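The block underneath contains the structure these notes are about, expressed in structure tokens.
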Amino acid sequence: MISIKLLSIETTEEMVMRPELLAEPLRGWRYYRIEYGGTNQDCLWEGRIMLPPTADPDALVQLLLGMQAHGQIWQ
């Protein structure tokens with residue numbers, strides 16, 4: 001039996017305070033904090049990502065979780 005350990009991944013949408021300062025092609029995109037291994041002070045690493053207005057951040061999380069599982073199964 002294969003044992004898979006997945007690092008948790010969470011996204012939190014953040015507000016863009018001055019969207020007019022973004023490059024024109026990015027205006028309207030959504031800004032997220034992405035945390036790996038836990039949330040808030042428990043996370044191992046955090047970063048920021050911008051997604052198109054119609055993107056689903058949960059789909060991004062599922063993609064990253066799937067990549068982790070795929071890497072462990074097919075090593």
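If I ask for residues that are within 14 Å of THR12 (Cα to Cα) and touching a Leu at 6+ places or on another chain (Cβ under 9 Å), which ones from segment 38-75 would you list? Listed by number, the residues that qualify are GLY38, ILE49, MET50, LEU51, PRO57, LEU60.
Table: residues versus (1) over 9 Å from the mean Cα position of the chain (by Cα); (2) of a type in the set (Val, Ile, Thr).
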site: LYS5; (1), (2): yes, no
site: ILE9; (1), (2): no, yes
site: MET17; (1), (2): yes, no
site: GLU35; (1), (2): no, no
site: LEU44; (1), (2): yes, no
site: ASP56; (1), (2): yes, no
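Among residues of segment 22-48 that are under 15 Å from LEU60 (Cα atoms) and exposed (fewer than 11 other Cβ atoms within 10 Å of the Cβ), those with a beta-carbon under 9 Å from a residue that is at pLDDT 95 or above and aliphatic (A, V, I, L, M) at least six positions away or on a different chain give the pairs GLY47/ILE34; ARG48/ILE34.
Within the option set ALA55, ALA69, being outside any helix (DSSP H, G or I) and either in contact with a His (Cβ under 8 Å, 6 or more places away or on another chain) or surrounded by 10 or more Cβ atoms within 10 Å (Cβ to Cβ) (or both) holds for one residue only, ALA55.
The values are calculated or read from the model by the stated rules, or taken from the named source; none is laboratory data. The shown structure was predicted, so the numbers you read here are calculated from the model rather than taken from an experiment. With ideal geometry, Cβ positions are generated from the backbone for all residues, glycine too; neighbour counts draw on all protein chains shown.
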